Amino acid sequence: MKLVVAVVQDQDSNRLSNALTKNDFRATKLASTGGFLRSGNTTFLIGVDDSRVPKLMDLIRDNCRAREQMVAPVSPMGGNADSYIPYPVEVEVGGATIFVLPIEQFQQF
């Protein structure tokens, strides 16, 4: 058994959640915030049998896509904010960050 932790951008969250439900994967959704862009993410905790991990990876790959987005950088901490002029920067957002962890025991009450 594996625990799959998938961190996805909020824009992909509902699409992935619907795909997981349609394919009989149970997941717990947690609201989370990214550290770099300080933007909203959703973290899915998914318990899955080893044999179904490839199918789950395909679902995540198909429903969470990377995209380019313009963002204004956050002002530097401790610096003079009066002279700081944030210029928008194009960055890649979206996609999914996935961790697959072995599970020794699973119980449901």
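Within the range 42-65, is even one residue exposed (fewer than 15 other Cβ atoms within 10 Å of the Cβ) and at pLDDT below 80?
no
Tell me whether the range 84-104 contains one or more residues that are open to solvent by less than 50 Å² (accessible area, probe 1.4 Å), part of a loop (DSSP other than H, G, I, E, B), under 30 Å from LEU3 (Cα atoms) and modelled with pLDDT under 95.
Yes: one or more hits.
Which condition number in (1) at pLDDT 85 or above; (2) under 16 Å from PHE99 (Cβ atoms) is the one that THR21 fails?
(2)
The values are calculated or read from the model by the stated rules, or taken from the named source; none is laboratory data. Only a predicted model underlies this, so the values are computations on that prediction, with no experimental measurement involved. Neighbour counts are summed over all protein chains in view; Cβ atoms, including those assigned to glycine, are modelled from backbone coordinates with ideal geometry. Side chains included, ligands, DNA and RNA excluded: accessible areas come from the protein's heavy atoms. Shrake-Rupley method; radii C 1.70, N 1.55, O 1.52, S 1.80 Å.
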